[in-house]
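Participant: Structure provided below as structure tokens; questions to follow.
The values are calculated or read from the model by the stated rules, or taken from the named source; none is laboratory data. What you are looking at is a predicted structure, and each value in this text was computed from that prediction instead of being measured. Cβ sites come from the backbone with ideal geometry, for glycine too, and all protein chains shown count toward neighbours. Ligands, DNA and RNA are stripped out before the accessible areas are found, and what is left, the full protein with its side chains, is counted by its heavy atoms. Shrake-Rupley method; radii C 1.70, N 1.55, O 1.52, S 1.80 Å.
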Amino acid sequence: MTTFMLTDTTAGKISAQLMHLRHQMGAPAIGMVLTLVVICDERDQYDSLRAATEAAREHPSRILVVISREADEANRLDAELRIGESTPGEVVVLRLYGELTEHADSVVSPLLLPDTPVVAWWPGAAPQVPAKDPIGALAQRRITDAKAVHDGIKELAILAKGYAPGDTDLSWARLTPWRSLLAAAFDQPVGKLKKGVVEATAGHPSAPLLAAWLTERLGAPVKVADSAGPGLTSVRLSLADGELSVSRSDARLATLSRPGQPDRNVALARRTTAELLAEELRRLDSDEIYEAAVKRLAKSYKG
Amino acid sequence: MTDPAAPAEEAATVAAAVAGTATTIEVAAANPLRDPRDKRLPRVAGPCVMVLFGVTGDLAKRKLLPAIYDLGNRGLLPPGFSLVGFARRDWKDQDFARLTHDAVKANARTPFREEVWKQLAEGIHFVPGEFSDDGAFDALAMALKEIDQTRGTGGNYAFYLSVPPKFFPAVVKQLKRTGLADAPEGSWRRVVIEKPFGHDLKSAHELNEITNEAFPESSIFRIDHYLGKETVQNIMALRFANNLYEPIWNRSYVDHVQITMAEDIGLAGRAGYYDGIGAARDVIQNHLLQLLALVGMEDPTSFEASSLRREKEKVLKAVRLPADLKNNTARGKYAAGWQGGEKVVGYLEEEGIPADSTTETYAAIKLEIANRRWAGVPFYLRTGKRLGRRVTEVAVVFQRAPHLPFSKDDTEILGQNALVIRVQPDEGITVRFGSKVPGTAMEVRDVSMDFAYGESFMESSPEAYERLLLDVMIGDPPLFPHQREVELSWKILDPIEEFWATQGQPEDYPAGSWGPPSADEMMARDGRVWRRL
């Protein structure tokens with residue numbers, strides 16, 4: 001891996017240096033499919049970049065990490081360029097100082113790959129209206145993570161208010177295996193749903209989101225209850241002829257029970273951030289199902 | 001189920017009631033949790049059992065069992081999915097589970113995860129017996145009925161015949177006798193068969209009669225694993241999702257098409273099967289003609305099985321053989337030589353091959369498609385064993401520019417434009433075109449523009465068998481050739497085989513080379529050359 005440091009630099013110099021490094025390695029053109037902009041704190045940088053690089057193995061990308069440092073220092077842009085084995089694409093870690101912290105978009109915009117999608121990801125705190133954020137406005141897809149902040153459920157309610165097509169949240173991606181299993185269970189005719197309950201550790205933002213989705217789709221009230229965890233532990237749906245449930249206590253193997261049928265075990269492991277991110281990058285069109293679920297969550301949210 | 005059911009139907013009704021009914025497209029469409037806009041949710045198969053005949057075979061260990069695990073790992077197997085092995089071994093369930101475990105560990109594409117294995121292992125069963133043994137099949141029927149009760153699989157069974165075709169009649173007869181081939185209301189029974197689908201038109205027809213006795217055509221899934229490959233499906237995306245290629249995809253711009261499947265290996269233990277079959281029946285009849293159909297067909301009205309098959313059949317029907325078979329086909333067999341730094345024996349010295357064998361290990365043929373789009377554009381198909389390296393590709397070679405406003409010297413080394421679909425390995429697409437060599441002189445030379453799958457998409461795209469097994473369980477047939485396609489392909493190949501049968505020994509070519517001289521001469525007569533691969 002080649003790492004190259006540039007201090008007190010500009011976007012133009014970074015571009016030129018990237019091109020130069022590529023030529024030096026003898027691979028001037030590669031098939032990067034998107035630009036992923038990661039907006040995070042210095043302390044989240046390592047983990048986020050790791051997840052992003054792993055996801056980039058599935059979706060070769062130029063990864064731009066934007067870190068805002070001390071705003072009261074003199075204006076300065078430092079960059080760290082990485083090209084090589086760890087990723088099929090390129091990584092640029094940008095550190096912004098002084099007034100420049102308010103104008104990150106001026107650095108990011110010239111570094112975006114031409115004519116390919118831009119994805120913005122906030123691994124920690126996110127703006128209230130991601131689409132109105134200067135960097136968010138450059139992106140077609142804006143990924144937040146409600147679970148990373150203190151009150152994740154409130155965060156989702158706020159994000160729902162500022163929703164724009166292209167927004168998604170990793171707490172929604174965490175639900176895909178659950179939703180997939182439930183949808184598969186409903187592929188066989190089941191009776192009308194009377195009521196249901198989703199159980200998870202207290203404050204887990206995915207739980208009310210799953211409940212909101214089920215309510216939205218099945219037209220019956222689905223509540224959220226606390227459990228010992230870890231994460232989501234069960235979904236119980238009361239049907240006309242009994243209870244359909246998926247329960248998981250060890251974060252790996254779940255049991256599916258339905259009326260009149262034997263219980264069956266299904267692998268349902270929690271996924272890493274890299275896997276969640278890779279799923280997000282697979283579809284870059286707006287997720288209307290998420291929109292409906294998160295807006296329903298916000299409607300019933302009493303903060 | 002309040003109506004009293006007749007005793008004969010009772011068992012079936014019980015099974016169906018246990019699992020509800022089978023997943024059908026209609027039920028899935030009515031599922032309130034599914035929405036076409038919800039693209040995160042994958043297609044998951046409904047509850048079912050896969051019964052595998054020939055579990056100890058190479059294909060099962062290398063491809064099928066790992067593919068089943070990979071499907072589970074991607075969350076695509078239904079809860080309760082069960083796998084039943086049937087073979088002539090004195091085994092218990094756990095012996096088959098161990099075989100599966102080892103095969104998965106050795107050959108699965110996705111990482112091994114304990115919880116996925118646990119889910120799969122719970123559903124693994126084994127039934128010992130011979131194909132001629134009525135008792136063994138009665139035991140199989142009993143076992144399946146029990147699995148329906150304990151695992152809720154609802155009487156949905158897929159029978160995978162991973163056995164040589166000579167055993168098909170016995171297995172199919174047994175499935176019919178035990179009633180396993182007949183699906184009770186609300187469930188399904190499917191049979192999966194592998195190539196070879198016969199060795200000529202007549203035998204293909206007979207084989208089909210046998211299978212048809214027990215299973216209707218709509219329940220027969222013929223696996224041509226090439227059609228499960230991403231690159232092959234991408235031929236349709238390339239042609240029909242883009243506006244860039246279709247306008248030039250015809251006789252006005254295309255000079256000729258070369259379809260190649262080259263292998264670097266020799267017989268690899270398949271001597272018993274291969275001798276008497278040869279390269280053309282083994283590869284051209286199925287894989288290469290399917291590729292030809294996909295490259296040559298008109299756009300289907302949709303990607304439903306019936307529309308897609310109709311277009312493929314139309315183009316196969318339009319295929320014409322050259323009048324002079326001697327000068328427009330070539331066949332060879334590899335002689336001893338050096339292949340990739342290894343000394344290898346010739347075909348006739350391979351173990352199990354008679355010294356007077358006339359089987360070819362290399363075949364090249366020239367075909368034309370008699371329709372408005374392709375009239376006069378030759379399609380050259382070639383395949384061989386012990387060639388320079390392993391590569392499968394489709395190359396569409398375009399005509400030269402009608403006029404070159406350069407001096408003759410400037411374009412001396414300029415070739416023809418080409419679009420190459422690299423099927424395997426290094427899946428991708430290459431476009432070759434002329435470009436100015438940097439410098440003060442105007443010199444034009446060929447350059448390539450490359451698109452590699454591994455570069456732009458998933459590192460581990462699903463294996464062909466994963467996709468095909470999932471399609472069998474879901475009941476989605478577009479990627480499986482219809483019997484009519486199989487028969488049309490034999491109609492193309494049979495006259496060539498008959499002609500070759502009168503020609504004695506095939507020509508020798510040294511192992512590690514690119515085929516016999518007659519193949520190059522055949523191209524030279526048309527003023528063309530094979531692409532150097």
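Participant: Among B:51, B:178, A:255, which residue has its Cα furthest toward the positive end of the charge dipole of the protein assembly as shown, with +1 on Lys/Arg Cβ and -1 on Asp/Glu Cβ?
Facilitator: Going by the Cα projections, it comes out as A:255.
Participant: Also, quick follow-up: Evaluate E = 1/(1 + (r/R0)^6) for residue B:37 and residue A:109, where r is the Cβ-Cβ distance and R0 equals 41 Å; express this FRET efficiency to the nearest 0.05.
Facilitator: Approximately 0.85, to the nearest 0.05.
Participant: Calculate one ³J(HN,Hα) per residue across segment B:70-79 by plugging θ = phi - 60° into the Karplus curve 6.51 cos²θ - 1.76 cosθ + 1.60, and present them in order as whole Hz with x for glycine and proline.
Facilitator: With the stated coefficients, segment B:70-79 comes to 4, 4, x, 5, 8, x, 9, 8, x, x Hz.
Participant: On to the next question. Would you mind giving the total buried accessible surface between chains A and B, with a 1.4 Å probe and ligands, DNA and RNA left out, rounded to the nearest 100 Å²?
Facilitator: Between A and B, the summed buried area is about 3600 Å².
Participant: Taking 0.36 nm per residue of separation and subtracting the Cα-Cα distance, what length does fully extending residue B:246 through residue B:448 add?
Facilitator: Using 0.36 nm per residue and subtracting the Cα-Cα distance, I get 70.7 nm.
Participant: Once the Cα atoms of helix B:464-474 and of chain B are each reduced to a long axis, what angle between those two axes, in degrees from 0 to 90 to the nearest 10, is obtained?
Facilitator: Roughly 40 degrees, rounded to the nearest 10.
Participant: While we're here: Which parts of segment A:180-202 would a label at residue B:185 reach, counting a residue when its backbone N lies under 18 Å from a point 7 Å out along Cα-to-Cβ?
Facilitator: In segment A:180-202, the label zone of residue B:185 (backbone N under 18 Å from the point 7 Å along Cα→Cβ) covers A:189.
Participant: Shifting gears a bit: Take the Cβ-Cβ distance between residue B:390 and residue A:71 as r, set R0 to 56 Å, and report the resulting FRET efficiency rounded to the nearest 0.05.
Facilitator: Efficiency, from the Cβ-Cβ distance: 0.45.
Participant: In Å², and per residue, what accessible area does the protein assembly as shown have when probed at 1.4 Å with the other protein chains present?
Facilitator: Spelled out: the 1.4 Å probe surface of the protein assembly as shown, per residue, equals 42 Å².
Participant: Express the relative contact order of chain A as a whole percentage, based on alpha carbon pairs under 8 Å and six or more residues apart in sequence.
Facilitator: 15
Participant: So, one more: In sequence order, what are the phi-derived ³J(HN,Hα) couplings for segment A:151-160 according to the Karplus relation 6.51 cos²θ - 1.76 cosθ + 1.60 with θ = phi - 60°, rounded to whole Hz, with x for glycine and proline?
Facilitator: 10, x, 5, 4, 4, 4, 4, 5, 4, 4
Participant: Now for a different question. Restricting to DSSP loop positions (anything but H, G, I, E, B) with no more than 14 other Cβ atoms inside 10 Å of their own Cβ, which trypsin sites (Lys or Arg not before Pro) remain in segment B:365-430?
Facilitator: Those satisfying the criteria are B:372, B:389, B:390, B:400, B:408.
Participant: Using packing as a proxy for protection, rank B:468-476, B:353-361, B:218-226 so that the peptide with the highest average count of other Cβ atoms within 10 Å comes first.
Facilitator: The densest-packed peptide leads the list: B:468-476, B:218-226, B:353-361.
Participant: With +1 on each Lys and Arg Cβ and -1 on each Asp and Glu Cβ, how big is the dipole of segment B:264-376 about its Cα centre, in debye rounded to the nearest 20?
Facilitator: 600
Participant: In a shell of Cβ-Cβ distance under 12 Å around residue A:273, excluding residue A:273 itself, what net charge do Lys and Arg (+1) and Asp and Glu (-1) give?
Facilitator: -2
Participant: Tell me, what % of the accessible area of the protein assembly as shown is carbon and sulfur with a 1.4 angstrom probe?
Facilitator: For the protein assembly as shown, the apolar C and S fraction of the accessible surface comes to 52 percent.
Participant: Next question, about the same structure. Could you pull out every residue, at least 5 positions away or on a different chain, whose amide H is within less than 5 Å of the one on residue B:124? Hs are placed 1.01 Å off N in the peptide plane, and Pro or chain starts have none.
Facilitator: B:83
Participant: So, one more: Which whole number gives the average, over all residues in A:255-266, of C-beta atoms from other chains lying within 10 Å of the residue C-beta?
Facilitator: 6
Participant: Percent antiparallel among DSSP beta bridges with both residues in the protein assembly as shown, to the nearest 5?
Facilitator: So the antiparallel bridges amount to about 55 percent of the total.
Participant: Follow-up. Going by Cα centres, segment B:69-101 and segment B:392-427 are how many Å apart?
Facilitator: Distance between centres, Cα-based: 48 Å.
Participant: Grab the Cα-Cα distance for residue A:154 and residue A:15, subtract it from 0.36 nm times how many residues apart they are, and report the gain in nm with one decimal.
Facilitator: 46.1 nm
Participant: Would you mind working out the magnitude of the charge dipole of the protein assembly as shown relative to its Cα centre, with +1 at each Lys and Arg C-beta and -1 at each Asp and Glu C-beta, to the nearest 20 Debye?
Facilitator: 820
Participant: Relative to the longest principal axis of the C-alpha atoms of chain B, give the angle of the C-alpha long axis of helix B:168-177, reported between 0 and 90° and rounded to the nearest 10°.
Facilitator: So the inclination is approximately 30 degrees.
Participant: Express the relative contact order of segment B:48-194 as a whole percentage, based on alpha carbon pairs under 8 Å and six or more residues apart in sequence.
Facilitator: 31
Participant: To continue, here is another question. Which ³J(HN,Hα) values, rounded to whole Hz and listed in residue order, are derived for segment B:247-262 from phi using the Karplus coefficients 6.51, -1.76 and 1.60 in 6.51 cos²θ - 1.76 cosθ + 1.60 with θ = phi - 60°, glycine and proline given as x?
Facilitator: Computed from phi, the couplings for segment B:247-262 are x, 9, 8, 7, 5, 6, 10, 8, 7, 6, 10, 10, 10, 10, 10, 10 Hz.
Participant: If you fit an axis through the alpha-carbon atoms of helix B:7-19 and take the longest principal axis of the Cα set of chain B, what angle between them do you get, 0 to 90°, nearest 10?
Facilitator: Approximately 70 degrees, to the nearest 10.
Participant: Also: With heavy atoms of protein chains only and a 1.4 Å probe, what residues of segment A:29-75 have at least 50 Å² less accessible area in the full set of chains than alone?
Facilitator: Residues of segment A:29-75 that lose at least 50 Å² of accessible area once the other chains are added: A:57, A:58.
Participant: List the residues whose amide H sits under 5 Å from the amide H of residue A:90, counting only those 5 or more places along or on another chain, with H placed 1.01 Å from N in the peptide plane.
Facilitator: For residue A:90, the qualifying residues are A:61, A:62, A:63.
Participant: Hey, in the GNM for chain A with a 10 angstrom Cα cutoff, which one of A:230, A:123, A:60 fluctuates hardest?
Facilitator: A:230
Participant: How high is the relative contact order of segment A:124-216, in percent, with contacts defined as C-alpha pairs under 8 Å that are six or more residues apart?
Facilitator: 29
Participant: Next up: If amide hydrogens are placed 1.01 Å from N in the peptide plane, which non-local residues have theirs closer than 5 Å to the one on residue B:195?
Facilitator: Distant-sequence amide H within range of residue B:195: B:223.
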